[in-house]
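The numbers here are math on the coordinates, done by the rules we state, and not lab data. Only a predicted model underlies this, so the values are computations on that prediction, with no experimental measurement involved. All Cβ positions, even for glycine, are placed from backbone atoms using ideal geometry, and neighbour counts span all protein chains on display.
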There are 2 protein chains.
Amino acid sequence: MHQLNLGMIGGGTVGSGVFHAWQKNGELLAARLGVALHFRKIAVQSLKKSRAYPLPAKLLTTDWRDVVNDPEIQLVIELVGGTNLAKTMVLAAFAQGKSVVTANKALLSAHGPELFAAATKAGVNLYFEASVCGGIPIIKSLREGFVANQFSAIYGIVNGTCNYILSRMKTEGADFANVLADAQQHGYAETPPDLDIDGHDAAHKTGILASLAHGFWVDHRQIHTEGIREVSQLDMEFAAKLGYTIKLLGIVKQIAGKKSGVQVSVYPTLIPNTHVLASVNGVFNACFVRGDIVGDTLFYGRGAGKDATASAVWSDIGDAALDLKNATKVRVAPFIAHAKKHNRVMPMDEIVSRYYVRFSVADKPGVIAKIAAIFAAANIGISSVFQPESQSVASVPLILMIHDAPNAAMRRALAKIAKLSVVKNQPVMFRVENFD
Amino acid sequence: MHQLNLGMIGGGTVGSGVFHAWQKNGELLAARLGVALHFRKIAVQSLKKSRAYPLPAKLLTTDWRDVVNDPEIQLVIELVGGTNLAKTMVLAAFAQGKSVVTANKALLSAHGPELFAAATKAGVNLYFEASVCGGIPIIKSLREGFVANQFSAIYGIVNGTCNYILSRMKTEGADFANVLADAQQHGYAETPPDLDIDGHDAAHKTGILASLAHGFWVDHRQIHTEGIREVSQLDMEFAAKLGYTIKLLGIVKQIAGKKSGVQVSVYPTLIPNTHVLASVNGVFNACFVRGDIVGDTLFYGRGAGKDATASAVWSDIGDAALDLKNATKVRVAPFIAHAKKHNRVMPMDEIVSRYYVRFSVADKPGVIAKIAAIFAAANIGISSVFQPESQSVASVPLILMIHDAPNAAMRRALAKIAKLSVVKNQPVMFRVENFD
């Protein structure tokens, strides 16, 4: 039987999960792939650290170069995270003619084009299934399962921490800060939590999905990104009354027309309670993919965690094992190869969407008229008005649902409204997605 | 650019969909795969038939041998359906050294082992993504995405016709016969509808999933199969009152213990309304897959139709294109290669499940005691009793929910109960699945 020698850099949560899956199902993997798989070396930060699953001492080294430079190792698994050292490691592996499997979305987001170009030049592959949506085989499905499709829309719940917090806020009626603190205490959120709750991690993943789906590299700086800090328990409640759930969505949408392009953005979105994505709760991830041939599809599973991520890493190792066994070093064309000329990320200002807006207004006659006049002047249509009873005398909440309007026009109108003396606080605005 | 010449046998619904997808996205496919794709010949039954999408006359032939024997054609796409002639066609293609893509679950179900053995012997591949769950990339996900997983359970809504009928029965409170007649009129059900509504099509697909997941061939005659004819509007309603939805599920479950094995079966099942599969409505398909490494996952999409199925056929053509370009004729080991010794399909009698049972009983004292005594003697526990108000004087409905019990014990107890004079009709029994 053909044999593949593996070297792993990183023995933390995911790394120990990858090793454990091999201990458990290594024979099955070999039988399925027709390739015997052996771990030769695992580079770790400390030989003494306690791990989710133990790693055998004889495989460990504290020098990642031992892995990259071992001539017996054919495939390098990079699981250290971060962008700078990880990039050095991956390029060093390529330079040794080794393909690399990575789960590192931050790395791809920061240095994707350079890394894929280097892999192509070296005649090796860079595999990255585990970088988006953990155990869900979304990269393989987009690239291979849906190879015949143009992707009119992809909506992803791609950050488990945010989804966990929003789910608890909804079910418990709890406030953001309290749920976050509790999530940190229980290990569902990092400290500091910024990478997750400010939407950056979701933006990394959304950028990878967009690049794969549309065939040109989407730089993370082009992705309009809003996190979930501004989602209050109040808005969660009003949204529910209107039949909506608030989810942090990564959105990749093909926009047709004269000014065509691709919307690539991350923001908290009101989605109808009846939509399947509204039922994706807790740390689970999901991707709703609309292809022009396949129609609507959904993928659901654990987006993080040692085992789910390990499952995706093994999907890549399996592909690499078959590629190496068959000496097809670059079986899949680099995914940015099919870029259309002139494709582009649309600036957020040009994107048209629906909106939920909440104002705090003085409780007196004429308020709605003043606000409505500003929207009317901007040619922005109000689809519904909701003013709940309020105990406060200083101000009352006023919620408007707004018809399709460009983000630039909406932004300008809200700035004007914010200056009205009857408007007591900065208006709160979330976009609404109806999936039609 | 490498070129691949395609020959297709079958120009019906799916065949014309496959061709149309290529007309629409052929350039994109070529760019993604790095392979130019050309149709050389399409064998059809009649040159004059009207089609969902038109096919160019110059490609058409009425003799399938023209496709198989054309030395310029490297890949044959078999889309004729049926088992006998289709088998002859596929074997003839193999004999010419050509790989085959098929959407034909009936063919695989009837002749799988022979076909896969013949492909291996000829050094070619048989691709079958489109045979299960239409556009959902479930075959690729099980085989490649989840390559590191043992599959403790797979639950599939794999027949769109049955799901359409059950969904309408639930939402409209309509009766089976009426919905079926209407579905036939609107093209959502065949005439005769037996292959679908008696569960055979679902059994074909469930057998393919089971074989792939567990590495030994599951003969369709080993699959305990019940259709949806016995699902009445009354049971749909009572199930709803108890918090359940009735779905036709294909079930593939690893059973541990002394008498280990794999449950492979198809039957209408009560599932909790809160479970995500309960929300899969209309003609949509879904697969809930539980892997020992990845955890719980769900795949959702269109299970049939010209375009969704075409998307899956193109997934296979894409794989074949890369395999042929790289001269890796058998990249993926035949999926029955990793069979464990002694693995087996468990007889239904040994399977343990929960049950919903409805009796029509005389409305007089002592009835429940008599029924309960028979269950108690068989060591079968009743978890809840529900006797709705009834207008009838001749008999009243009595619904019992039954704790985990072996199917054999349950079958024997129900036969005894049916003989009681206070029991007026053959008892109605459905199994209950709680996914724990």
key: Angle in degrees between helix A:367-377 and the longest Cα principal axis of chain A, rounded to the nearest 10   = 60
message = Under 10 Å, Cα contacts only: if you run a Gaussian network model on chain A, which one of A:Lys41, A:Lys325, A:Lys306 comes out with the highest mean-square fluctuation?
response = A:Lys325
request  = Normalise the Debye intensity by I(0) for region A:349-432, one equal point scatterer per Cα, no solvent, then take log10 at q = 0.10, 0.14, 0.22 Å⁻¹ and round to two decimals.
outcome  = -0.21, -0.42, -1.03
note = Sorting from shortest, the nanometre distances separating the label point of A:Gly97 (7 Å past Cα along the line to Cβ) from those of the same residue in the other copies are 3.0
note = Per its Cα gyration tensor (rounded if a/c is under 1.5, else prolate when a/b beats b/c, else oblate), the protein assembly as shown is best filed as rounded
query = Can you give the angle from 0 to 90° between the axis of helix A:13-33 and the longest principal axis of chain A, with both taken from C-alpha atoms, to the nearest 10?
reply = 60
ask   = Nm distances between the label at B:Ala372 and the same-position labels in the remaining copies, 7 Å along Cα→Cβ, shortest first?
value = 6.4
inquiry  = Among A:Ile368, A:Ala95, A:Gln391, which residue has its Cα furthest toward the positive end of the charge dipole of chain A, with +1 on Lys/Arg Cβ and -1 on Asp/Glu Cβ?
reply    = A:Ala95
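If each DSSP helix of 4+ residues adds -39,500 (n - 2.57) and the sum is divided by the residues in chain B, what number results at 222 nm, nearest 500 deg cm²/dmol?
Dividing the helical sum by the residues of chain B leaves -11000 deg cm²/dmol.
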remark   = Inverse of <1/r> over all distinct C-alpha pairs of region B:141-236, i.e. the Kirkwood Rh in Å, gives 14.8
query = Of B:Gly134, B:Gly261, B:Gly303, which has the largest mean-square fluctuation in a 10 Å C-alpha GNM of chain B?
reply = B:Gly261
remark   = For the B:Ser279, A:Leu59 Cβ pair and Förster radius 51 Å, calculated FRET efficiency rounded to 0.05 is 0.65
task = Give, as a single signed number, the net charge of other residues whose beta carbon lies under 14 Å from the beta carbon of B:Gly257, with Lys and Arg counted +1 and Asp and Glu -1.
result = +2
Cα-centre dipole for region B:142-302 with unit charges at Cβ (Lys and Arg positive, Asp and Glu negative), debye to 20 = 580
message = Explain nothing, just the number: dipole magnitude of region A:349-432 about its Cα centre with +1 on each Lys and Arg Cβ and -1 on each Asp and Glu Cβ, in debye rounded to the nearest 20.
response = 220
ask   = Between the DSSP loop rule and a limit of at most 16 other Cβ atoms within 10 Å, which GluC sites (Glu not before Pro) in region A:335-436 are left?
value = A:Glu389
key: Estimated FRET transfer efficiency when R0 is 22 angstrom, pair A:Ala177-A:Val393 (beta carbons, to 0.05)   = 0.25
task = Would you look at the GNM of chain B, springs on alpha carbons closer than 10 Å, and say which of B:Ala240, B:Ala31, B:Ala130 moves the most?
result = B:Ala31
ask   = Roughly how many Å is it from the Cα centre of region A:267-300 to that of region B:32-76, as a whole number?
value = 37
message = Over the Cα atoms, compute the radius of gyration (one decimal) and Dmax (the largest Cα-Cα distance, rounded to a whole number) for region B:142-302, in Å.
response = 15.8, 50
inquiry  = If a paramagnetic tag sat 7 Å from the Cα of B:Arg51 along the Cα-Cβ line, which residues of region B:95-125 would have the backbone N under 20 Å from that point?
reply    = B:100-104
inquiry  = Averaged over its residues, how many other protein chain Cβ atoms are within 10 Å of peptide B:146-158's Cβ atoms?
reply    = 4
inquiry  = So if I place +1 on the C-beta of Lys and Arg and -1 on the C-beta of Asp and Glu, and nothing else carries charge, what would the dipole magnitude of region A:220-334 be about its Cα centre? I want it in debye, nearest 20.
reply    = 320
task = Can you grab the distance from the C-alpha centre of region A:354-369 to the C-alpha centre of region B:134-154, Å, no decimals?
result = 51
Least to most buried among A:Ser279, A:Ser311 (fewest other Cβ within 10 Å first) = A:Ser279, A:Ser311
key: Using alpha-carbon coordinates, inclination of helix A:105-122 to the longest axis of chain A, degrees   = 40
message = Using 0.36 nm times the number of residues separating A:Gln184 and A:Ala377, minus their current alpha carbon distance, what extension gain do you get?
response = 64.9 nm
ask   = Among B:Thr191, B:His220, B:Ile157, whose Cα sits farthest toward the positive end of the charge dipole of chain B (+1 at Cβ of Lys/Arg, -1 at Cβ of Asp/Glu, about the Cα centre)?
value = B:His220
key: Inter-copy separations for A:Phe386, label at 7 Å along Cα-Cβ, nm, ascending   = 3.2
task = Amide H neighbours of A:Lys424 under 5 Å, at least 5 residues apart or on other chains, H built in the peptide plane: list them.
result = A:Ser360, A:Val361, A:Ala362
inquiry  = Quick check: from the Cα gyration tensor, does region A:1-92 come out rounded (a/c under 1.5), prolate or oblate?
reply    = oblate
query = Taking the simple approach of a point 7 Å from Cα along Cα-to-Cβ for both B:Asn84 and B:Asn69, what is their distance in nm?
reply = 2.2
ask   = Any idea which of B:Phe299, B:Gln254, B:Ala174 is furthest toward the positive side of the dipole for region B:142-302, if Lys and Arg beta-carbons carry +1 and Asp and Glu beta-carbons -1?
value = B:Gln254
